[in-house]
Amino acid sequence: MASLDPLLKNRNVLFWTLHIGGWLAYTLSQYLGTLLYDTKYEHMHGYTTVIVIAAVSGFLLSLELRYIYRRLWTRSPRVTIPVALLSCYVFALVWRVIINSSYLRFTSDSMEWEMHSALEFFANTLSSTYLLLCWTGIYFGIKYYESLQQQREATLRAGTLAQEAQLKMLRYQLNPHFLFNTLNAISTLILDNENRTANQTVMRLSEFLRYTLDQDPMKKVTLRQEIEAMNLYLTTERLRFGERLRLEFAVEERALEALVPSLLLQPLIENAVKYAVSPAEQGGTIRIIKNKKVLAKPFLNITSLVVSGGEEGLLGLAFHPSYKTNGRFFVNYTRMVGTQIQTVIAEYHQSAANRDVADPTGRILLTVNQPFDNHKGGQLAFGPDGYFYIGLGDGGDIGDPFKNGQNLSTLLGKMLRIDVNSGTP
């Protein structure tokens, strides 16, 4: 099959090979038929001449059909089929005139057929038409097969390019929240005068970003290099999660030299952090640290009410300015009602019997339906004016597809201000 590849890939070479081969086969079949029909040696020279003339003229006439069919290829079948049939019949008429004239010229001594009318020059036109129709069928069949193969190859190439594009996009799919949270953590370290740790974190972050940009995902790296890059990523994430994120590597020495696509592990580890470690920090529990120790009993546990994970969970907490006397505080969390995600703003009170525990019975002040599972906002705060401020995200997805941030008819993507001190908010 390898030796046929140049023939199959070059359309002109394929056409001329089949065209010449087909008419040579026609010549041979006609010659063998003549031997069976008339075995007299003295008549063979004339018949051979007729056969050669018929083959050459058929070769040239069918060659002209090719140029006609090229123009017909892009037309609809309603045009192509009638024109192709008419062309075959017209060219068959011309061909029969040439063949029958050569019969009269070169085999008149041995022919039993005598011409009685000029119309007999067109004798056997239907058989010639049938032969040209066969040529036409083969031509269009091969052309259609080539077109189908080209479409398949184009589809395969498009699929391959799409896969390559997806792999290359891994370099640019660094979670923006990871970058934001890391920079936020670095800012906190600087404010706390932990400049040495902040500097080390910046260095790790820059090394990881450089790795993601320098590596071509279509090329492979050793597993050792990939783990080193992921270690840069995870050590920066430890700034957020502290001891909750512990790193343990168990890899055989031989496996470290295995080749893998670059950044193969990053999306797996990122999702593991996002959906396994991250949800726990916003799962619905509020605890008190007293005398540098976490109290065993939670201050408030509303885990049963909260749906958490990714950008959902217990997102905000604000104490009333007069909390010391009225014990009021407010939370922002997400819940699921059927299949509808909602943001809930609720009020709770400190327990009268125990100041380290809240009354589990709360009062819902506001619910807002959310279209997606991200961009929830969550900030709660009391302003110097005494009003309660609620920060709501645009509700997702990427790029705020519903334009909630610019839509004044929805609460999404807004900073809300309500009065919780007089009447119903």
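The values are calculated or read from the model by the stated rules, or taken from the named source; none is laboratory data. Bear in mind the structure is a predicted one, so any value in this text is a computation, not a measurement. Note that each Cβ is placed from the backbone with ideal geometry, even for glycine, and that neighbours are counted across all protein chains shown.
Considering each residue of the stretch 319-330 in turn, none proves to be in contact with a Gly (Cβ under 7 Å, 6 or more places away or on another chain) and on the phi > 0 side of the Ramachandran plot.
Residue-wise test of (1) of a type in the set (A, V, I, L, M, F, W, C); (2) outside any loop (DSSP other than H, G, I, E, B).
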site	(1), (2)
Thr303	no, no
Val307	yes, no
Leu317	yes, yes
Lys324	no, yes
Phe330	yes, yes
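Taking (1) in contact with a strand residue (DSSP E or B) (Cβ under 7 Å, 6 or more places away or on another chain); (2) within 30 Å of Lys290 (Cβ to Cβ) in turn, Asp373 satisfies each apart from (2). Of the residues making up the stretch 343-362, just one is within 26 Å of His375 (Cβ to Cβ) and modelled with pLDDT under 95, namely Gly362. Filtering the stretch 345-393 to residues that are among the polar types (S, T, N, Q), under 15 Å from Arg335 (Cβ atoms) and crowded, with 16+ Cβ neighbours inside 10 Å leaves only Gln370. Just one of the listed residues (Asp373, Asp394) is touching a residue at least 24 places away in the same chain (Cβ under 8 Å), under 22 Å from Val337 (Cα atoms) and not hydroxyl-bearing (Ser, Thr, Tyr), and it is Asp373. Checked against (1) of a type in the set (S, T, N, Q); (2) in contact (Cβ under 8 Å) with a residue 24 or more places away in the chain; (3) surrounded by fewer than 17 Cβ atoms within 10 Å (Cβ to Cβ), Ser422 meets all criteria but (2). Name the one entry in Leu305, Leu300, Leu314 that is touching a residue at least 40 places away in the same chain (Cβ under 8 Å) and either among the aliphatic types (A, V, I, L, M) or touching an Asp or Glu at 6+ places or on another chain (Cβ under 6 Å) (or both). That would be Leu300, the only listed residue that is touching a residue at least 40 places away in the same chain (Cβ under 8 Å) and either among the aliphatic types (A, V, I, L, M) or touching an Asp or Glu at 6+ places or on another chain (Cβ under 6 Å) (or both).
In the stretch 308-316 there is no residue matching the filter, namely being over 14 Å from Ile286 (Cα atoms) and at pLDDT 95 or above.
Listed here are the residues, each with its yes/no results for (1) aromatic (Phe, Trp, Tyr); (2) within 35 Å of the chain's Cα centre (by Cα).
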| residue | (1), (2) |
| --- | --- |
| Phe330 | yes, no |
| Thr334 | no, yes |
| Val337 | no, yes |
| Ile345 | no, no |
| His349 | no, no |
| Thr361 | no, no |
| Phe372 | yes, yes |
| Tyr387 | yes, no |
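The condition of being surrounded by 14 or more Cβ atoms within 10 Å (Cβ to Cβ) and either modelled with pLDDT under 90 or under 45 Å from the mean Cα position of the chain (by Cα) (or both) does not hold for Gly399. Residues in the stretch 127-155 that are surrounded by 12 or more Cβ atoms within 10 Å (Cβ to Cβ) and basic (Lys, Arg): Lys143 only. Filtered by the rule that a residue be more than 31 Å from the chain's Cα centre (by Cα), basic (Lys, Arg) and in a loop (DSSP other than H, G, I, E, B), the stretch 402-425 gives a lone residue, Lys414.
Inspect all residues belonging to the stretch 190-198 and state whether any of them is at pLDDT below 75 and at positive phi.
Taking every residue of the stretch 190-198 in turn, none turns out to be at pLDDT below 75 and at positive phi.
Filtering the stretch 329-346 to residues that are of a type outside the set (Gly, Ala, Ser) and without any contact (Cβ under 8 Å) to a residue 40 or more places away in the chain leaves Phe329, Arg335, Met336, Val337, Thr339, Gln340, Ile341, Gln342, Val344. For the stretch 196-210, a residue qualifies if it is surrounded by 13 or more Cβ atoms within 10 Å (Cβ to Cβ) and hydrophobic (A, V, I, L, M, F, W, C), and the qualifying residues are Ala198, Val202, Leu205, Phe208, Leu209.
Of the residues Ile142, Ile186, the single one that is part of a helix (DSSP H, G or I) and at pLDDT 85 or above is Ile142.
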